[in-house]
């Protein structure tokens, strides 16, 4: 895929998988994200992925889409985890709310005031793409 096609693809999707590691352990987990100016923005609560990304900020994000005819597209970005607060966290919430509204979801997005009842602190973050690639296979 061209750079423009990868950009369009990342803008059209909303679920990606973050791969992080600590020593010998690799952990991959889905996140709802918003793509903006070369970064994947996400909002979560403290847990294993945040703990691992804080220890080792080099992470990967993978996004894919599969078609009924067997075709598919995927993009992979390698970059660095950056935890956000203040204006950065507010931007993350704004981007996610706008992204959810354009995909037919509720548009509510996560709230700064709540952690969904988990008792864990909310965390806004972005992965700034340092390398970005994409592939597409068309069938039929």
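The values are calculated or read from the model by the stated rules, or taken from the named source; none is laboratory data. What you see is a predicted model, and the numbers here were worked out from it, not measured in a lab. No Cβ is skipped: glycine too gets one built from the backbone with ideal geometry, and neighbour counts run over all protein chains shown.
Annotations
- Strands (runs of 3 or more DSSP E) contained entirely in the range 1-102, each with at least 2 residues that are more than 29 Å from residue 119 (Cβ to Cβ) and touching a helix residue (DSSP H, G or I) at 6+ places or on another chain (Cβ under 9 Å): 25-36, 58-66, 72-84
- Options 70, 79, 88: the member that is surrounded by 14 or more Cβ atoms within 10 Å (Cβ to Cβ), farther than 20 Å from residue 15 by Cβ and either at pLDDT 90 or above or in contact with a strand residue (DSSP E or B) (Cβ under 8 Å, 6 or more places away or on another chain) (or both): 88
- When residue 24 is tested against the conditions (1) touching a strand residue (DSSP E or B) at 6+ places or on another chain (Cβ under 9 Å); (2) more than 14 Å from residue 78 (Cβ to Cβ); (3) modelled with pLDDT under 95, the lone failure is (1).
- Of all the listed residues (99, 55), the sole one being surrounded by 14 or more Cβ atoms within 10 Å (Cβ to Cβ), in contact with a strand residue (DSSP E or B) (Cβ under 6 Å, 6 or more places away or on another chain) and modelled with pLDDT under 95 is 99.
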